[in-house]
Amino acid sequence: MGKIISVVNQKGGVGKTTTSINLAAYLSKLGKFVLLVDLDPQSNATSGLGIGREDLEKGIYEVLTSPVSFREIILDTAHDFYKLAPSTMSLAGANVELVNMDRREFRLHDNLLDIRNDFDYIIIDCPPSLGLLTINGLVACDQILIPVQAEYFALEGLGQLLGTIGLIQENIKPELDILGAVLTMYDSRFKLANDVLRELYKYFPNKIFRSVIPRSIRLSEAPSHGKTILGYDPKSKGARAYERLAREFIYLTS
């Protein structure tokens, strides 16, 4: 049975989608069958893989709100073994429409049951909020990966996020587990970055990835070309960092 990992942080701009896209790319490079689920109405994971959401007739919104299956929306990417369940413009209304649906917190979970055996890993890129879409992402997954930017303000919302995770563990899914936190946009030249790393250990004792993602222009450029860093500049320091993260990820989830 494939493992489902949600990439979550309600603060925007922390490298959540960059991590989702590129971690999935390197997992596929290492021979794993991977599905990336774009659960963010901004559709950055979809566009970052070179797919225009305006050109799509169906996406994750239709899976959550109507009798459309994942198999009807899954698309190929530029990488072997790497598939995408895209987001479309319609997803922006899902938080409101899900409110009155039966099993509203389980819509994603229930639909993923049909396909989880098709993949080694299903990576869910959650939106930067703690609304119903993110709750669906948390309920659907086995473990949570939390990217944290190496800046002071990135730590401010972690308490709220951990509180939400705790509520889901208490009321819906006791077995939900935090895989770990990964530090992104890290620059060792700045004392603040090292201070943030030390502070992270207070939130996640023994659950900090050793692989750290550096601040990198090439990582920022790749999505504008519709490519992962593996497809855009595989020799860059950002590419090497995500390959290390993927190897560590496989080790921790095996």
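On the basis of being surrounded by 15 or more Cβ atoms within 10 Å (Cβ to Cβ), under 19 Å from residue 24 (Cβ atoms) and touching a Phe, Trp or Tyr at 6+ places or on another chain (Cβ under 9 Å), does residue 242 make the cut? Answer is yes for this residue.
If you check 196, 212 for being part of a helix (DSSP H, G or I) and either surrounded by 14 or more Cβ atoms within 10 Å (Cβ to Cβ) or aliphatic (A, V, I, L, M) (or both), only one passes: 196.
Please tell me if residue 242 is over 18 Å from the mean Cα position of the chain (by Cα), closer than 19 Å to residue 23 by Cβ and in contact (Cβ under 8 Å) with a residue 24 or more places away in the chain. Answer is no for this residue. Can you give me the number of residues within region 202-254 that are at pLDDT 95 or above, β-branched (Val, Ile, Thr) and under 15 Å from residue 183 (Cα atoms)? Number of matching residues: 1.
Of everything in region 10-42 that is among the small types (Gly, Ala, Ser) and out of contact with any Pro (no Cβ under 7 Å at 6 or more places or on another chain), the residue that is surrounded by the most Cβ atoms within 10 Å (Cβ to Cβ) is 24.
Looking only at region 61-77, decide whether some residue is assigned to a loop (DSSP other than H, G, I, E, B) and of a type in the set (Lys, Arg).
From region 61-77, those assigned to a loop (DSSP other than H, G, I, E, B) are 66-69, 73-74, 77; that's our starting set.
Checking the rest, the ones that are also of a type in the set (Lys, Arg) come to none.
No: zero hits.
Okay, residues lined up against (1) assigned to a loop (DSSP other than H, G, I, E, B); (2) at pLDDT 95 or above; (3) not aromatic (Phe, Trp, Tyr):
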position	(1), (2), (3)
50	yes, yes, yes
58	yes, no, yes
80	yes, yes, yes
97	no, no, yes
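The values are calculated or read from the model by the stated rules, or taken from the named source; none is laboratory data. Quantities reported herein were computed from a predicted structural model and do not represent experimental measurements. In this analysis, Cβ positions are derived from the backbone assuming ideal geometry, glycine residues included, and neighbour counts consider all displayed protein chains.
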